[in-house]
Each structure stands twice: as C-alpha cells, then as structure tokens.
Amino acid sequence: MKKVIYFSLAAIFFCSIMVAANSFAFHHEGLDWVYQGSSVSESDPHLKHFYWETARPPYGPFDTIALHRYVRQNHEWIGDPYGPAKDRRKVLFIIPGTWDRGSAKGSDPNVSETWFFAANGYDVYSMDFRTSYIPNLSYAQLQDQNFGLDDALKATADWNYALFRKDIKACVDLAKDISRTHRLFLAGRSRGGWQMWMYAAKYWKQDLKGLISLDGGGPYVLVDANPGKQMTQAYFQYIVGLFKNGVLPGYPFLAEVGGYEQAQFAGAVPFSTNAVGMTSIPPIPQPNGQPVKTVSDLVAYGAYYAWGAGIVTNYYTPYPGGAGETYMDQDVLIGIESNFTRYWPNMQNLETGALNNYANNPYLDYDDTQEVDLPILHFASAFGCYSGIVHDCYNPSSPVEPGQSVAARTASTDVTSVILIGTGKDYGHLDIFSGTHARQDVMQPALDWMNDRLK
C-alpha cells in the first residue's frame with residue numbers, strides 16, 4: 001500500500017485552495033453556522049472537503065462544534081459547499097470516537113473512510129466535538145488562573161452524553177438540509193458507535209435509514225447483569241455532585257489521551273531520536289526484533305501494547321496473505337494519533353459506569369433502543385471481542401450467533417456482523433478504521449452493504 005506522508009510544512013489536510021474563514025454565516029434552525037473553508041483531496045481534485053462551525057450553549061470558550069462535508073463534485077474549481085447530494089439516497093454521517101475528529105490529516109481513500117465513501121458516490125459528513133476547541137495545554141495549565149480558563153474547565157463537567165447528542169443532532173440537521181435528504185446512514189467509530197445508538201434511540205424514525213457500528217460500544221446487554229453492581233440513581237447523583245465540585249477521586253473534569261505529547265511530537269518530527277519527557281529513546285526491543293530508534297517507533301510500540309498486545313492496533317503482525325505488510329502502517333498510525341484531541345469529558349465516563357449492568361437504565365435514556373428497527377452492520381476487532389461488546393466471538397456453539405447481541409436491544413431483523421478476529425484475521429481497534437487492508441475488509445463491505453439498502 002502506498003504510504004501517506006502526514007507531515008509537511010504545508011499542513012497537507014488543509015492544503016489546496018482555502019476560502020477565507022468567517023466568510024459568511026448560514027442561519028439554520030436558530031444556529032449561525034459559519035462557513036470556514038474548503039480543501040481538495042491531493043489524490044483527486046474532484047473530491048472536496050468543506051466545513052462549518054457554530055457556537056453552542058452556554059457559549060463558553062470551548063463551546064463550539066464543527067460540521068465537515070466530503071463530496072465528489074465533477075469540476076476542479078473550489079466547489080459548491082451547499083450543492084445538494086448527487087444521489088440523495090447516498091448520504092452518510094460518521095460520528096467520531098473518543099479524542100477523534102471529523103477530519104483526518106490525509107485524504108488518501110485507502111486509509112480514510114470519509115474520503116473513501118465520498119470517492120464512491122456518497123455525500124459524507126462528520127463533526128468535531130467541543131473537545132476539539134480545548135486549547136492544547138496541560139491540565140495544570142487549564143487550572144492556572146493566569147490562563148483564565150478555570151471556569152471554562154469546570155463547565156466541561158456538564159458535557160454529558162445528552163449534550164453531545166444535541167450537538168450531533170445539530171450537525172445531522174444541517175447535513176440533511178445541505179444534502180436535501182430526509183434520512184441518512186449513521187455510522188460511529190469506537191465511542192462514536194455508542195453515541196450512534198444513543199442517537200438512534202431518540203431520533204431513528206425521523207433521521208435514519210441504517211446503522212454502521214465501526215468497532216463501537218453500545219447497549220447490548222440482553223438482561224440485567226449483576227443487579228447487585230448496578231449503580232442506583234441516588235448514588236449516581238451523589239458521585240456526579242462530587243465530580244462537579246472537583247472532589248471525586250481519580251476523576252478530573254477531563255480525561256487525557258495516553259501518550260498525547262509523544263504522538264504530537266512524532267507527528268511533527270517523526271524521525272527524531274528524542275522523546276517527550278526523555279533525553280533519548282530507550283533501548284526497547286520490538287517484537288519484530290528491531291530496536292526502537294525513533295519517536296515514531298516508540299509511539300507505535302506504545303499503541304501496540306496499550307490495552308494488551310494487538311488490541312489497539314496489531315502493528316507488528318503481518319497481514320495474512322499480504323506482501324509482508326502488517327495490519328497498520330506506521331505513518332498512518334502516527335497521523336491518527338497526532339490528530340487526536342487532548343481531552344475527553346470525564347462526565348461521560350461516569351455515565352458509562354452508570355449504564356453498566358443494566359439492560360435498560362431507568363434514569364438515563366441513552367439505551368432505550370428496543371424499538372429501533374433499522375438495518376444494522378457491525379464490525380468487531382480484538383477490542384470488540386475482548387471487551388464483551390460482541391457476544392461470544394469464538395464460541396461457534398453459542399445459542400446467540402456471534403455478533404448478534406449487537407442488535408439484541410433493538411427490533412431489527414436485518415443485522416450483519418463482521419468479526420475481524422479469530423476468523424483468519426486479527427484486527428486491532430484502529431486497524432478497523434485505517435489499517436493497511438481496511439479498504440477491502442471494512443470500507444468496501446460497508447459500501448456494498450449501504451448500496452444494497454438504498455431506498
């Protein structure tokens with residue numbers, strides 16, 4: 001596979017022709033969406049990227065979201081940001097995952113889902129959460145009165161799943177309006193898969209035509225599990241109170257992605273022999289027998305072992321039947337990690353804990369998916385299997401077909417599961433999105449699945 005070089009002084013993703021930011025605002029359902037500009041894929045001048053921003057309540061320094069659009073327009077000039085979808089049946093919205101963004105660093109359709117689906121006739125949308133607008137400062141700096149962000153930091157304690165669902169709704173509404181469609185396919189990467197289910201629970205009838213879970217979490221418990229461990233509403237409210245007062249042990253307002261500064265450094269200086277927080281790269285032997293020589297090697301090594309060998313990415317394992325390439329290209333991996341936001345709201349991690357062990361949580365409406373009747377496609381990696389997201393990935397005698405628990409809490413009779421571990425392939429979590437063979441094993445099957453369900 002052709003490697004993608006993600007580092008250049010021109011900032012590859014936002015190269016090409018740029019429209020001046022804040023050129024005009026588009027008033028849509030009470031929101032002023034400000035068009036911020038465009039870029040063109042370096043691999044195909046007909047593939048365009050446009051994006052907009054809008055401020056959100058309560059309008060603090062971090063309370064902004066962005067909508068991204070990727071679309072093929074058959075001319076080489078800048079394009080029409082508001083031009084309708086060529087085929088209004090082919091509209092897809094992808095919800096990013098934890099620390100993820102709606103825009104990638106590169107535009108190669110071999111390793112970018114958004115560009116791939118756009119290159120294949122879909123009008124594709126994604127978004128940036130409010131987390132994208134938190135300054136790149138350490139947590140201590142965010143608390144420092146000299147930066148004047150302490151109140152904004154405390155306000156992130158209110159960034160729960162319900163608030164983010166409203167933000168997703170604002171983006172979906174604008175995407176529907178621009179594309180001139182009534183219903184669209186909704187996909188979710190990683191935690192975005194969880195948010196996809198939460199969105200479907202509330203809006204499936206009015207907005208959606210199909211769901212694609214890209215190794216995402218979700219409300220898959222068939223019956224209440226371990227009722228004695230279920231978090232009561234009173235206890236949930238108690239710990240939320242401690243959290244909002246900044247005194248819940250182990251829970252600062254924001255959770256930082258591991259190895260953030262090293263990944264940022266690798267994105268900027270990939271061949272450096274120094275690492276953030278170290279005077280030099282430590283003499284670590286990699287599983288492939290080669291020493292860790294650069295900061296990029298160090299970041300890849302850390303990603304391979306972060307959740308257990310191969311679960312985040314099966315970076316060192318050769319792809320079966322390939323030409324010696326592994327499941328993930330190092331340049332692509334560094335591009336992913338160096339594009340992450342630094343923080344994620346811990347409030348949502350508290351809510352996730354409250355949803356655990358419930359088939360249907362009585363005080364949070366996020367897992368009310370029993371009536372959702374939409375076609376469902378689910379991809380699972382080692383992360384999905386080992387975390388219990390997918391039922392019995394390895395047990396062929398299970399009374400529930402592998403992966404079917406993905407839809408156990410819905411009314412759907414059209415469910416397709418693609419298990420990419422223990423089936424001759426051993427995908428890690430990030431490999432699902434941008435692995436060396438994700439195009440053939442994930443993107444193309446998803447494209448075919450959507451094309452079979454156009455209506």
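The set of residues in the range 124-151 that are of a type outside the set (S, T, Y), surrounded by fewer than 18 Cβ atoms within 10 Å (Cβ to Cβ) and in contact with a helix residue (DSSP H, G or I) (Cβ under 9 Å, 6 or more places away or on another chain) comprises P135, N136, L137, Q141, Q143, D144, F147, D150.
Comparison of Y260, Y235, Y251 shows that the only residue that is touching a Lys or Arg at 6+ places or on another chain (Cβ under 6 Å), over 30 Å from I376 (Cα atoms) and modelled with pLDDT of 90 or more is Y260.
Report whether or not S405 is modelled with pLDDT under 90 and in a strand (DSSP E or B).
In short, no.
Screening Y70 with (1) within 21 Å of S41 (Cα to Cα); (2) assigned to a helix (DSSP H, G or I) gives one miss only, at (2). Does any residue of the range 254-262 turn out to be crowded, with 18+ Cβ neighbours inside 10 Å, touching a residue at least 40 places away in the same chain (Cβ under 8 Å) and part of a loop (DSSP other than H, G, I, E, B)? Yes, the conditions are met somewhere in the range 254-262. Scanning the range 426-450 for residues that are in contact with a helix residue (DSSP H, G or I) (Cβ under 7 Å, 6 or more places away or on another chain) and not in a helix (DSSP H, G or I) yields D426, Y427, G428. If you take the residues of the range 52-70 that are over 20 Å from the mean Cα position of the chain (by Cα) and among the small types (G, A, S), which of them is farthest from W33 (Cα to Cα)? Step by step, filter the range 52-70, then rank; the result is G60. So, T352, is that one touching a Lys or Arg at 6+ places or on another chain (Cβ under 7 Å) and hydroxyl-bearing (S, T, Y) or not? Criteria not met by T352.
Per-residue answers, yes or no, for (1) under 21 Å from F383 (Cβ atoms); (2) at pLDDT 95 or above; (3) in a loop (DSSP other than H, G, I, E, B):
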position: P282; (1), (2), (3): no, no, yes
position: P287; (1), (2), (3): yes, no, yes
position: K293; (1), (2), (3): no, no, yes
position: A300; (1), (2), (3): yes, yes, no
position: Y304; (1), (2), (3): yes, yes, no
position: I311; (1), (2), (3): yes, no, yes
position: Y316; (1), (2), (3): yes, yes, yes
position: P320; (1), (2), (3): yes, yes, yes
position: A323; (1), (2), (3): no, yes, yes
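In this structure, is Y327 buried (at least 19 other Cβ atoms within 10 Å of the Cβ), closer than 30 Å to R130 by Cα, of a type in the set (S, T, Y) and touching a helix residue (DSSP H, G or I) at 6+ places or on another chain (Cβ under 9 Å)? Answer is no for this residue.
Just for the range 193-225: of the residues that are at pLDDT below 95 and of a type in the set (D, E), which one is farthest from the chain's Cα centre (by Cα)? Per the criteria, the residue is D224. Restricting attention to the range 311-324, the residues being surrounded by fewer than 21 Cβ atoms within 10 Å (Cβ to Cβ) and either touching a strand residue (DSSP E or B) at 6+ places or on another chain (Cβ under 9 Å) or among the β-branched types (V, I, T) (or both) number 5.
The values are calculated or read from the model by the stated rules, or taken from the named source; none is laboratory data. In this text, all values refer to a predicted model and were calculated from it rather than measured experimentally. FYI the Cβ positions are ideal-geometry reconstructions off the backbone, even for glycines, and counts take in every protein chain you see.
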